[in-house]
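Here is the structure we will look at, set down as structure tokens.
Taken together, the values in this text are just the output of simple stated rules run on the coordinates, not laboratory data. None of these values were measured; they are calculated from a predicted model. Here the Cβ positions follow ideal geometry from the backbone for every residue, glycine too, while neighbour counts run over all protein chains shown.
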Amino acid sequence: MNKNKCILYYKGFFNYTIVNKLLNELLEQSEALDISVFNKMQIVMVEMLENNYRYTSNKIISFDHADFFPVFKIIDEDKFYRLIASNPIKYEDVNELKEHLEKIYCLGLSGLRKWYKDILKDEIYSVKQSPGIGLIRIAKVVRNKFKYSFQEIDNKFLYYTLEILINKK
Amino acid sequence: MENLYIESTEFTPKINFDINNRKFELIGTSRPEDVVAFYELIIFKIGRYVNNILHNEKLEDFHFNLLFDLDYMNSASSKYILQILDYFKKLYYKKAKITVDWYYEDVYDQIFEDGEDLSDVIKIPFNLRPRK
């Protein structure tokens, strides 16, 4: 029986360089992981962190609640790895994100794949840099339900936490 | 038109657009910091090439191979890979022989499923090939 052990931890605002650094840290531990688990973890981690800085990098200019800085961690538990990402998010972004998460939560794998492909079809030539399918991709990969929460920080921000389990087998 | 070759980096793929041998290869990891900047020139060159072929070649005799051998791609990259494929789709629907080889490590890998999904979106059959 494993004791829960944190194998990766970072607190602070994320950017591309930090995500790369964390990926390399994960890679250093990859020998201890099953290859398919490692591949899943890599996909989920990148999509979680890219999603994380999408809501923070250009949108949050000043933020001085140190207790609510973005955090990413991976915890090694008995039967799965628990990936947790938290970040502040503006109130104005919450509804759209919540709707997206709720729809993901309700769909099974075939529904997720159909929705994923429909978005890709619609977004091929959109002006958005990314098609906005990162969370759906995570759900397709892990095939477990997400846990998420929004905690109030002040009248401008909420603290969004997304928790994902990756089965070890 | 000139060939285009871009060496891979830790987080960007190798690109080999070989006009003389009629092949396009995208190999490695696709997670560029600025995905638009990375794929912009590639897509521009492919667009120009495809338009030139559409106007100057007998398409029934034209063949072109696209090879994707990715060990990782982020969701942002999938949009630009689809744009590349969308240009070749114009030739495919005019009876040119366009083959797409999509390599994967394991059928349980996300890359395998990505190949199935992208093929379904773009409506061109992919040869899903296990990496040797």
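So here's what we get for this one:
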item: Exercise: per-residue mean of other protein chain Cβ atoms within 10 Å, A:33-45; result: 3
item: Peptide ranges B:86-99, A:140-153 listed from the most packed, as the mean C-beta count within 10 angstrom indicates; result: B:86-99, A:140-153
item: Tilt relative to chain B, helix B:75-92 - C-alpha long axis, 0 to 90 degrees, to 10; result: 20
item: Separation between Cα centres of region B:65-85 and region A:91-130, rounded to whole Å; result: 19
item: Protection proxy ranking, peptides A:43-54, B:34-45, average beta carbon neighbours within 10 Å, highest first; result: A:43-54, B:34-45
item: Shape of chain B, Cα gyration tensor, a/c cut at 1.5; result: oblate
item: Peptide-level mean, for B:110-116, of C-beta atoms on other protein chains within 10 Å; result: 3
item: Reciprocal mean inverse distance between Cα atoms of the protein assembly as shown - Kirkwood radius, Å; result: 20.6
item: Whole-Hz ³J(HN,Hα) from phi, Karplus 6.51 cos²θ - 1.76 cosθ + 1.60, for region A:157-169, glycine and proline x; result: 10, 10, 9, 9, 10, 10, 10, 10, 9, 10, 5, 6, 10
item: Vicinal HN-Hα couplings computed from phi for region A:146-151 (Karplus, 6.51 cos²θ - 1.76 cosθ + 1.60; Hz; Gly/Pro x); result: 7, 10, 8, 8, 10, 10
item: Shielding of A:92-101 by partner chains, average beta-carbon count, 10 Å; result: 0
